[in-house]
Amino acid sequence: NIDHEIVFACDNGDVELKLLPKSDQKRFELLKKAEKKGALIDAELAELANFRQTEANLIEEIRSNITTLPSKDAKREFVESIYKKHSSQQNYVKQSYFANYDIDPKDFHLDICFFDGSDYNGKVDLLVGGSPCQSFSTVGKQLGFEDTRGTLFYEFARIVKEVQPKVFIYENVNGLTKNDDGRTLATIKHIFRDDLHYRVGEERVLNASDYGIPQTRRRMFIIGIREDIQCGEFQYPEPIERKYTMQDFLEENCADGSFTYDKNTGELIVGKVKGKPDPKFILTPGVQKYVLASGTKSFKTSTETDLPVARTLLKTMTQHHRAGVDNYITVQQDPKILRALTDRETLRLMGYPDDFQMVVSSAQIYKQAGNSIVVDVMMAIVKQIIKTGAFN
(Lines give C-alpha, C1' and ligand atoms only; values in the text may rest on other atoms or scores of the structure.)
Protein backbone atom coordinates (compact mmCIF):
# COMPACT_ATOMS: atom_id res chain seq x y z
CA ASN A 1 0.00 0.00 0.00
CA ILE A 2 2.92 2.35 -0.71
CA ASP A 3 2.48 4.41 -3.86
CA HIS A 4 5.57 3.86 -5.98
CA GLU A 5 7.04 3.70 -9.46
CA ILE A 6 10.03 1.65 -10.63
CA VAL A 7 12.36 4.13 -12.31
CA PHE A 8 14.96 1.67 -13.58
CA ALA A 9 16.37 -1.79 -12.91
CA CYS A 10 19.66 -3.42 -13.86
CA ASP A 11 20.65 -7.10 -13.78
CA ASN A 12 22.58 -9.20 -16.27
CA GLY A 13 21.22 -12.47 -14.88
CA ASP A 14 24.73 -13.93 -14.50
CA VAL A 15 25.11 -13.92 -18.28
CA GLU A 16 28.82 -14.07 -19.13
CA LEU A 17 30.16 -11.91 -21.93
CA LYS A 18 32.76 -13.64 -24.11
CA LEU A 19 34.59 -10.72 -25.69
CA LEU A 20 37.75 -12.44 -26.94
CA PRO A 21 38.07 -14.18 -30.32
CA LYS A 22 36.61 -17.71 -30.15
CA SER A 23 39.89 -19.64 -29.90
CA ASP A 24 41.34 -17.20 -27.35
CA GLN A 25 38.12 -17.28 -25.31
CA LYS A 26 38.23 -21.07 -25.13
CA ARG A 27 41.83 -21.02 -23.98
CA PHE A 28 41.04 -18.22 -21.48
CA GLU A 29 38.27 -20.28 -19.88
CA LEU A 30 40.46 -23.39 -19.64
CA LEU A 31 43.18 -21.39 -17.90
CA LYS A 32 40.68 -19.88 -15.43
CA LYS A 33 39.42 -23.35 -14.50
CA ALA A 34 42.99 -24.62 -14.06
CA GLU A 35 43.83 -21.56 -11.93
CA LYS A 36 41.07 -22.45 -9.46
CA LYS A 37 42.71 -25.86 -9.03
CA GLY A 38 46.17 -24.31 -8.60
CA ALA A 39 47.41 -26.18 -11.65
CA LEU A 40 49.16 -23.47 -13.68
CA ILE A 41 52.85 -23.06 -14.38
CA ASP A 42 54.50 -19.63 -14.66
CA ALA A 43 54.12 -19.40 -18.44
CA GLU A 44 50.39 -20.20 -18.18
CA LEU A 45 49.92 -17.64 -15.41
CA ALA A 46 51.49 -15.03 -17.67
CA GLU A 47 49.23 -16.12 -20.53
CA LEU A 48 46.19 -15.82 -18.26
CA ALA A 49 47.27 -12.35 -17.16
CA ASN A 50 47.53 -11.28 -20.80
CA PHE A 51 44.03 -12.54 -21.55
CA ARG A 52 42.67 -10.66 -18.55
CA GLN A 53 44.36 -7.46 -19.64
CA THR A 54 42.98 -7.86 -23.16
CA GLU A 55 39.49 -8.39 -21.77
CA ALA A 56 39.86 -5.34 -19.51
CA ASN A 57 40.94 -3.25 -22.50
CA LEU A 58 37.89 -4.37 -24.48
CA ILE A 59 35.60 -3.52 -21.57
CA GLU A 60 37.16 -0.07 -21.28
CA GLU A 61 36.68 0.41 -25.01
CA ILE A 62 32.98 -0.40 -24.65
CA ARG A 63 32.73 2.10 -21.78
CA SER A 64 34.37 4.78 -23.90
CA ASN A 65 31.99 4.14 -26.80
CA ILE A 66 29.00 4.43 -24.47
CA THR A 67 30.07 7.89 -23.27
CA THR A 68 29.84 9.19 -26.84
CA LEU A 69 26.21 8.12 -27.31
CA PRO A 70 23.53 10.84 -27.15
CA SER A 71 20.78 9.25 -25.03
CA LYS A 72 20.01 6.54 -22.48
CA ASP A 73 18.08 4.63 -25.14
CA ALA A 74 21.08 4.66 -27.48
CA LYS A 75 23.33 3.49 -24.64
CA ARG A 76 20.94 0.69 -23.66
CA GLU A 77 20.59 -0.48 -27.26
CA PHE A 78 24.36 -0.48 -27.69
CA VAL A 79 24.85 -2.62 -24.57
CA GLU A 80 22.08 -4.97 -25.69
CA SER A 81 23.87 -5.39 -29.03
CA ILE A 82 27.07 -6.29 -27.17
CA TYR A 83 25.25 -8.99 -25.21
CA LYS A 84 23.54 -10.31 -28.33
CA LYS A 85 26.88 -10.58 -30.13
CA HIS A 86 29.05 -11.91 -27.32
CA SER A 87 26.75 -14.21 -25.35
CA SER A 88 24.31 -17.00 -26.15
CA GLN A 89 22.90 -17.29 -22.60
CA GLN A 90 19.38 -16.29 -21.59
CA ASN A 91 18.79 -13.57 -18.99
CA TYR A 92 16.30 -15.44 -16.79
CA VAL A 93 16.27 -12.65 -14.20
CA LYS A 94 14.95 -10.26 -16.83
CA GLN A 95 12.22 -12.75 -17.76
CA SER A 96 11.04 -13.01 -14.14
CA TYR A 97 11.26 -9.25 -13.68
CA PHE A 98 9.07 -8.39 -16.64
CA ALA A 99 6.51 -11.03 -15.67
CA ASN A 100 6.07 -9.50 -12.22
CA TYR A 101 6.90 -5.78 -12.22
CA ASP A 102 5.55 -2.75 -14.00
CA ILE A 103 8.53 -1.19 -15.75
CA ASP A 104 9.10 0.36 -19.14
CA PRO A 105 11.37 -2.01 -21.14
CA LYS A 106 13.51 1.02 -22.00
CA ASP A 107 14.39 1.31 -18.31
CA PHE A 108 15.72 -2.22 -17.81
CA HIS A 109 19.50 -2.31 -18.27
CA LEU A 110 21.69 -5.37 -18.70
CA ASP A 111 25.00 -4.46 -17.11
CA ILE A 112 25.85 -2.16 -14.22
CA CYS A 113 29.43 -1.84 -15.54
CA PHE A 114 28.08 -0.20 -18.71
CA PHE A 115 25.22 1.69 -17.07
CA ASP A 116 25.27 5.49 -16.98
CA GLY A 117 23.39 6.53 -13.86
CA SER A 118 23.54 10.22 -14.77
CA ASP A 119 20.61 9.59 -17.15
CA TYR A 120 18.45 9.17 -14.02
CA ASN A 121 19.97 11.92 -11.92
CA GLY A 122 17.40 13.56 -9.66
CA LYS A 123 14.65 11.10 -10.61
CA VAL A 124 15.11 8.49 -7.86
CA ASP A 125 13.97 8.57 -4.24
CA LEU A 126 15.23 5.13 -3.24
CA LEU A 127 18.03 3.05 -4.77
CA VAL A 128 18.44 -0.56 -3.64
CA GLY A 129 21.34 -2.84 -4.45
CA GLY A 130 24.30 -4.86 -3.32
CA SER A 131 27.58 -6.31 -4.52
CA PRO A 132 29.76 -9.35 -3.86
CA CYS A 133 31.77 -9.27 -0.64
CA GLN A 134 35.23 -8.21 -1.87
CA SER A 135 38.39 -7.10 -0.11
CA PHE A 136 40.19 -4.00 -1.38
CA SER A 137 43.95 -3.63 -1.64
CA THR A 138 45.28 -1.43 1.16
CA VAL A 139 48.86 -1.09 -0.06
CA GLY A 140 50.28 2.17 1.15
CA LYS A 141 47.29 4.49 0.96
CA GLN A 142 43.98 5.51 2.48
CA LEU A 143 41.32 3.90 0.36
CA GLY A 144 38.79 6.07 -1.39
CA PHE A 145 36.23 5.80 -4.16
CA GLU A 146 38.74 5.46 -7.04
CA ASP A 147 40.73 2.79 -5.20
CA THR A 148 37.80 0.34 -5.40
CA ARG A 149 37.84 0.27 -9.22
CA GLY A 150 37.55 -3.19 -10.68
CA THR A 151 35.08 -4.32 -8.01
CA LEU A 152 31.29 -4.36 -8.21
CA PHE A 153 31.16 -2.26 -5.05
CA TYR A 154 32.78 0.50 -7.09
CA GLU A 155 29.96 0.20 -9.63
CA PHE A 156 27.30 0.43 -6.91
CA ALA A 157 29.01 3.49 -5.40
CA ARG A 158 29.38 5.04 -8.86
CA ILE A 159 25.65 4.61 -9.52
CA VAL A 160 24.84 6.30 -6.19
CA LYS A 161 27.16 9.17 -7.17
CA GLU A 162 25.59 9.56 -10.62
CA VAL A 163 21.91 8.98 -9.73
CA GLN A 164 21.99 10.95 -6.44
CA PRO A 165 19.01 9.15 -4.86
CA LYS A 166 17.55 10.66 -1.71
CA VAL A 167 18.14 7.35 0.08
CA PHE A 168 19.94 4.12 -0.70
CA ILE A 169 19.80 0.65 0.80
CA TYR A 170 23.02 -1.36 0.48
CA GLU A 171 22.68 -5.09 1.23
CA ASN A 172 25.39 -7.70 1.63
CA VAL A 173 26.20 -10.97 3.38
CA ASN A 174 26.86 -10.66 7.10
CA GLY A 175 30.44 -11.84 6.51
CA LEU A 176 31.24 -8.39 5.15
CA THR A 177 31.35 -7.08 8.73
CA LYS A 178 34.51 -9.18 9.33
CA ASN A 179 36.03 -9.18 5.85
CA ASP A 180 39.72 -8.23 5.91
CA ASP A 181 39.50 -7.68 9.69
CA GLY A 182 36.81 -5.03 9.21
CA ARG A 183 38.83 -2.86 6.82
CA THR A 184 36.54 -3.56 3.85
CA LEU A 185 33.46 -2.34 5.73
CA ALA A 186 35.33 0.69 7.07
CA THR A 187 36.31 1.62 3.52
CA ILE A 188 32.75 1.23 2.25
CA LYS A 189 31.33 3.49 4.99
CA HIS A 190 34.13 6.03 4.44
CA ILE A 191 33.22 6.21 0.74
CA PHE A 192 29.51 6.58 1.43
CA ARG A 193 30.12 9.36 3.96
CA ASP A 194 33.15 11.29 2.73
CA ASP A 195 33.18 10.71 -1.04
CA LEU A 196 29.46 10.42 -1.82
CA HIS A 197 28.19 12.68 1.02
CA TYR A 198 25.49 10.49 2.52
CA ARG A 199 24.57 10.28 6.19
CA VAL A 200 25.29 6.68 7.12
CA GLY A 201 24.72 5.25 10.57
CA GLU A 202 26.01 1.93 11.80
CA GLU A 203 25.47 -1.15 9.69
CA ARG A 204 23.02 -3.75 11.04
CA VAL A 205 22.72 -7.49 10.45
CA LEU A 206 19.03 -8.39 10.22
CA ASN A 207 17.67 -11.94 10.35
CA ALA A 208 14.59 -12.82 8.28
CA SER A 209 13.27 -14.94 11.14
CA ASP A 210 12.90 -11.73 13.21
CA TYR A 211 10.57 -10.20 10.61
CA GLY A 212 7.90 -12.85 10.12
CA ILE A 213 9.64 -15.28 7.74
CA PRO A 214 10.64 -18.72 9.09
CA GLN A 215 14.13 -18.74 7.55
CA THR A 216 17.47 -18.13 9.23
CA ARG A 217 18.89 -15.56 6.84
CA ARG A 218 21.25 -12.93 8.20
CA ARG A 219 22.13 -10.07 5.89
CA MET A 220 23.94 -6.81 6.54
CA PHE A 221 22.26 -3.53 5.64
CA ILE A 222 23.58 0.01 5.38
CA ILE A 223 21.11 2.88 4.93
CA GLY A 224 22.35 6.15 3.45
CA ILE A 225 20.43 9.45 3.37
CA ARG A 226 21.78 12.28 1.20
CA GLU A 227 23.33 15.02 3.34
CA ASP A 228 21.13 17.82 1.96
CA ILE A 229 17.89 15.98 2.85
CA GLN A 230 16.31 17.44 5.99
CA CYS A 231 14.70 14.58 7.91
CA GLY A 232 14.72 12.56 11.09
CA GLU A 233 17.28 9.93 11.97
CA PHE A 234 16.78 6.45 10.55
CA GLN A 235 16.13 3.69 13.06
CA TYR A 236 16.36 0.03 12.09
CA PRO A 237 13.08 -1.88 12.48
CA GLU A 238 12.56 -3.78 15.70
CA PRO A 239 12.03 -7.56 15.51
CA ILE A 240 8.45 -8.81 15.53
CA GLU A 241 6.93 -12.02 16.83
CA ARG A 242 7.13 -14.81 14.27
CA LYS A 243 3.70 -16.40 13.71
CA TYR A 244 4.63 -19.14 11.27
CA THR A 245 6.95 -22.11 10.90
CA MET A 246 8.37 -23.51 7.67
CA GLN A 247 5.68 -26.21 7.84
CA ASP A 248 2.97 -23.52 7.56
CA PHE A 249 4.52 -22.46 4.24
CA LEU A 250 4.64 -25.97 2.73
CA GLU A 251 2.28 -26.88 -0.07
CA GLU A 252 0.88 -29.85 1.90
CA ASN A 253 -0.51 -27.31 4.38
CA CYS A 254 -1.03 -24.30 2.11
CA ALA A 255 -1.93 -25.16 -1.47
CA ASP A 256 -0.47 -23.13 -4.32
CA GLY A 257 -2.48 -19.90 -4.61
CA SER A 258 -3.32 -19.71 -0.92
CA PHE A 259 -0.26 -17.76 0.22
CA THR A 260 -1.32 -14.12 -0.08
CA TYR A 261 -1.06 -10.83 1.81
CA ASP A 262 -3.18 -7.99 3.11
CA LYS A 263 -2.87 -5.27 0.47
CA ASN A 264 -3.24 -2.51 3.07
CA THR A 265 -0.75 -3.71 5.69
CA GLY A 266 1.43 -6.15 3.74
CA GLU A 267 0.85 -8.79 6.43
CA LEU A 268 1.05 -12.40 5.21
CA ILE A 269 -2.12 -14.46 4.89
CA VAL A 270 -1.35 -18.19 4.98
CA GLY A 271 -4.43 -20.09 3.88
CA LYS A 272 -4.83 -23.50 5.55
CA VAL A 273 -5.74 -25.36 2.37
CA LYS A 274 -4.34 -28.85 1.78
CA GLY A 275 -2.28 -29.24 -1.36
CA LYS A 276 0.12 -31.69 -2.97
CA PRO A 277 3.62 -30.78 -4.18
CA ASP A 278 4.81 -31.92 -7.58
CA PRO A 279 6.44 -35.40 -7.29
CA LYS A 280 9.44 -34.11 -9.27
CA PHE A 281 10.82 -32.64 -6.03
CA ILE A 282 11.09 -36.07 -4.34
CA LEU A 283 14.73 -37.18 -3.95
CA THR A 284 15.97 -40.28 -5.70
CA PRO A 285 17.34 -43.01 -3.35
CA GLY A 286 20.92 -42.15 -4.34
CA VAL A 287 20.53 -38.42 -3.67
CA GLN A 288 18.66 -39.09 -0.42
CA LYS A 289 21.48 -41.33 0.83
CA TYR A 290 23.96 -38.55 0.09
CA VAL A 291 22.03 -35.70 1.72
CA LEU A 292 21.46 -37.76 4.89
CA ALA A 293 25.14 -38.65 5.23
CA SER A 294 26.66 -37.06 8.31
CA GLY A 295 29.93 -36.35 6.52
CA THR A 296 33.43 -37.76 6.50
CA LYS A 297 36.24 -38.14 9.04
CA SER A 298 37.23 -34.50 8.55
CA PHE A 299 33.78 -33.01 7.87
CA LYS A 300 30.65 -33.51 9.95
CA THR A 301 27.22 -31.98 9.44
CA SER A 302 23.72 -32.22 10.84
CA THR A 303 21.27 -34.64 9.23
CA GLU A 304 18.21 -32.93 10.72
CA THR A 305 15.32 -32.32 8.33
CA ASP A 306 11.84 -30.73 8.68
CA LEU A 307 13.11 -27.74 10.64
CA PRO A 308 10.54 -25.23 11.97
CA VAL A 309 12.79 -22.40 10.78
CA ALA A 310 14.47 -23.08 7.42
CA ARG A 311 18.20 -22.96 6.93
CA THR A 312 19.48 -20.11 4.75
CA LEU A 313 18.29 -20.60 1.17
CA LEU A 314 21.19 -20.80 -1.28
CA LYS A 315 21.25 -20.05 -4.99
CA THR A 316 22.96 -23.44 -5.39
CA MET A 317 19.99 -25.41 -4.01
CA THR A 318 19.80 -27.43 -7.23
CA GLN A 319 23.07 -29.13 -6.29
CA HIS A 320 21.43 -31.02 -3.38
CA HIS A 321 23.82 -30.30 -0.53
CA ARG A 322 23.76 -32.40 2.61
CA ALA A 323 20.84 -31.99 5.01
CA GLY A 324 22.93 -29.76 7.28
CA VAL A 325 23.20 -27.18 4.48
CA ASP A 326 19.87 -27.35 2.60
CA ASN A 327 16.25 -27.91 3.63
CA TYR A 328 14.48 -31.25 3.13
CA ILE A 329 10.94 -32.35 3.95
CA THR A 330 9.75 -35.81 4.97
CA VAL A 331 7.13 -37.19 2.58
CA GLN A 332 6.94 -40.63 4.19
CA GLN A 333 8.46 -42.04 7.37
CA ASP A 334 8.70 -45.79 6.77
CA PRO A 335 10.46 -46.26 4.48
CA LYS A 336 11.79 -42.72 4.75
CA ILE A 337 11.23 -40.58 1.65
CA LEU A 338 12.42 -36.98 1.43
CA ARG A 339 11.81 -34.15 -0.97
CA ALA A 340 13.42 -30.79 -1.64
CA LEU A 341 11.59 -27.51 -1.21
CA THR A 342 9.42 -26.75 -4.22
CA ASP A 343 10.06 -23.64 -6.25
CA ARG A 344 6.88 -22.06 -4.85
CA GLU A 345 7.89 -22.83 -1.26
CA THR A 346 11.30 -21.32 -1.91
CA LEU A 347 9.69 -18.07 -3.03
CA ARG A 348 7.40 -18.10 0.00
CA LEU A 349 10.40 -18.41 2.30
CA MET A 350 11.73 -15.21 0.71
CA GLY A 351 8.41 -13.44 1.36
CA TYR A 352 6.95 -13.62 -2.16
CA PRO A 353 3.18 -14.29 -2.25
CA ASP A 354 1.67 -16.79 -4.66
CA ASP A 355 0.71 -14.13 -7.20
CA PHE A 356 4.43 -13.92 -8.06
CA GLN A 357 4.53 -15.48 -11.52
CA MET A 358 7.01 -18.31 -12.11
CA VAL A 359 7.96 -18.07 -15.79
CA VAL A 360 11.38 -19.78 -15.66
CA SER A 361 12.52 -23.25 -14.63
CA SER A 362 12.60 -24.45 -11.02
CA ALA A 363 16.41 -24.34 -11.15
CA GLN A 364 16.31 -20.65 -12.11
CA ILE A 365 13.71 -19.90 -9.42
CA TYR A 366 16.06 -21.42 -6.83
CA LYS A 367 18.92 -19.22 -8.05
CA GLN A 368 16.82 -16.07 -8.07
CA ALA A 369 15.36 -16.75 -4.63
CA GLY A 370 18.82 -17.43 -3.22
CA ASN A 371 20.03 -14.05 -4.54
CA SER A 372 17.04 -12.04 -3.36
CA ILE A 373 16.43 -9.75 -0.40
CA VAL A 374 13.67 -11.12 1.83
CA VAL A 375 10.55 -9.12 1.00
CA ASP A 376 9.40 -8.67 4.60
CA VAL A 377 12.80 -7.40 5.75
CA MET A 378 12.84 -4.95 2.85
CA MET A 379 9.33 -3.75 3.69
CA ALA A 380 10.25 -3.23 7.35
CA ILE A 381 13.26 -1.12 6.35
CA VAL A 382 11.31 0.97 3.82
CA LYS A 383 8.60 1.73 6.38
CA GLN A 384 11.30 3.01 8.76
CA ILE A 385 12.80 5.19 6.03
CA ILE A 386 9.36 6.69 5.32
CA LYS A 387 9.06 7.58 9.03
CA THR A 388 12.18 9.78 8.75
CA GLY A 389 10.42 12.06 6.25
CA ALA A 390 13.27 11.68 3.76
CA PHE A 391 10.84 11.27 0.84
CA ASN A 392 8.72 14.32 1.72
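The values are calculated or read from the model by the stated rules, or taken from the named source; none is laboratory data. Computed from a predicted model, the values in this text were never measured in an experiment. Note: ideal-geometry Cβ built from the backbone for every residue, glycine included; neighbour counts use all protein chains shown. Each accessible area value is taken on the protein alone, full model and side chains, heavy atoms only, with ligands, DNA and RNA left out. Shrake-Rupley method; radii C 1.70, N 1.55, O 1.52, S 1.80 Å.
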> Non-local amide H neighbours of Q215 (under 5 Å, H modeled in plane, Pro and chain starts lacking H): which ones?
Replying inline: S209, A310
>> Taking loop as defined by DSSP and a crowding limit of 10 other beta carbons within 10 Å, which trypsin sites (Lys or Arg not before Pro) in the stretch 5-55 fit?
In response: K37
> Do the sum for the chain: with -39,500 (n - 2.57) for every DSSP H run of n ≥ 4, divided by all residues, what is the mean residue ellipticity at 222 nm, to the nearest 500 deg cm²/dmol?
Replying inline: -10000 deg cm²/dmol
> Using modelled backbone amide H atoms (1.01 Å from N, in-plane), which distant-in-sequence or interchain residues come within less than 5 Å of T316's amide H?
Replying inline: none
>> Quick check for you: with a 1.4 Å probe and neighbouring chains kept, what is the accessible area per residue of the chain, in Å²?
In response: 53 Å²
>> Given an 8 Å cut-off on Cα distances and at least 6 residues of separation, report the relative contact order of the chain as a percent.
In response: 14 percent
>> Between G324, G224, G38, where does the largest GNM mean-square fluctuation fall for the chain, given springs only between Cα atoms within less than 10 Å?
In response: G38
>> Can you work out the Karplus-derived ³J(HN,Hα) for every residue in the stretch 204-212? Use 6.51 cos²θ - 1.76 cosθ + 1.60 with θ = phi - 60°, whole Hz, and x for glycine or proline.
In response: 9, 8, 10, 9, 4, 5, 8, 10, x
> How large, in Å, is the chain by the Kirkwood hydrodynamic radius built from its alpha-carbon pairs?
Replying inline: 23.4 Å
>> Which trypsin sites (Lys or Arg not before Pro) in the stretch 278-310 sit in a loop by DSSP (not H, G, I, E or B) and have at most 15 other Cβ atoms within 10 Å of their own Cβ?
In response: K297
> Within the chain, which is the longest segment containing none of the GluC sites (Glu not before Pro) that sit in a DSSP loop and have at most 16 other Cβ atoms within 10 Å?
Replying inline: 17-201
>> Taking the Cα of A363, stepping 7 Å toward and past its beta carbon, and measuring to each backbone N in the stretch 61-94: which are under 16 Å?
In response: 88-93
> Alpha carbon centre of the stretch 1-62 versus the stretch 334-392: separation in Å?
Replying inline: 29 Å
>> Cut-off 20 Å, label point 7 angstrom out along Cα-to-Cβ of K243: give me the residues of the stretch 297-328 whose amide nitrogen falls inside.
In response: 308-310
>> Please check: in the Gaussian network model of the chain (C-alpha springs, under 10 Å), which one of S362, S302, S96 has the largest mean-square fluctuation.
In response: S302
> Is any helix in the chain, taking whole DSSP H runs, at least 24 angstrom long along its axis by alpha carbon and on average at least -1.0 on the Kyte-Doolittle scale, and which ones?
Replying inline: 42-67
> Which entries of K75/K178; K243/K315; K18/K94; K75/K123; K33/K161; K243/K276 show an alpha-carbon separation above 29 angstrom in the structure shown?
Replying inline: K75/K178; K33/K161
> Under a GNM of the chain (C-alpha, springs under 10 Å), which listed residue has the highest mean-square fluctuation: P335, P214, P239?
Replying inline: P335
